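Presented below is the structure to which this report refers.
No lab work stands behind these numbers, since they all come straight from the coordinates. What you are looking at is a predicted structure, and each value in this text was computed from that prediction instead of being measured. Glycine also receives a Cβ, built like all others from the backbone with ideal geometry; neighbour counts cover every protein chain displayed.
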């Protein structure tokens, strides 16, 4: 019975860990590179908020992306760089796609900031894998 108990506890621990990890993913809305490509190809109105640092943005960014250079969005100074796009977002009802280098922490912090600014959760999306996962050359620019 002791062996069965330990197996049960191990199984329960693994299950709870998996649930916790999947719950984290449910906190944010994501869009795949392919879905964003389809959206842009169809010329659907979209706010693309790019938080990459200036050098990275200059090397490669999605056509139509609004540069903020706010990455990593950890300080008040970083968040202040997002203010220039907040008014633009208020002025329409289009989806907001957040692009960061890899689609992780900086994008999540931007998402949270925009939520606090009153942008509805249903309008916000993070590009999966960020700019690093973007492979559509015809919709990519450099400066």
Checklist entry - So for region 29-141, Kirkwood radius off the Cα pairs, Stokes-Einstein at 37 °C and 0.692 mPa s: how many µm² s⁻¹? => result 241
Item to check | Residue exposure sequence - 122, 83 - by fewest surrounding Cβ within 10 Å | outcome: 122, 83
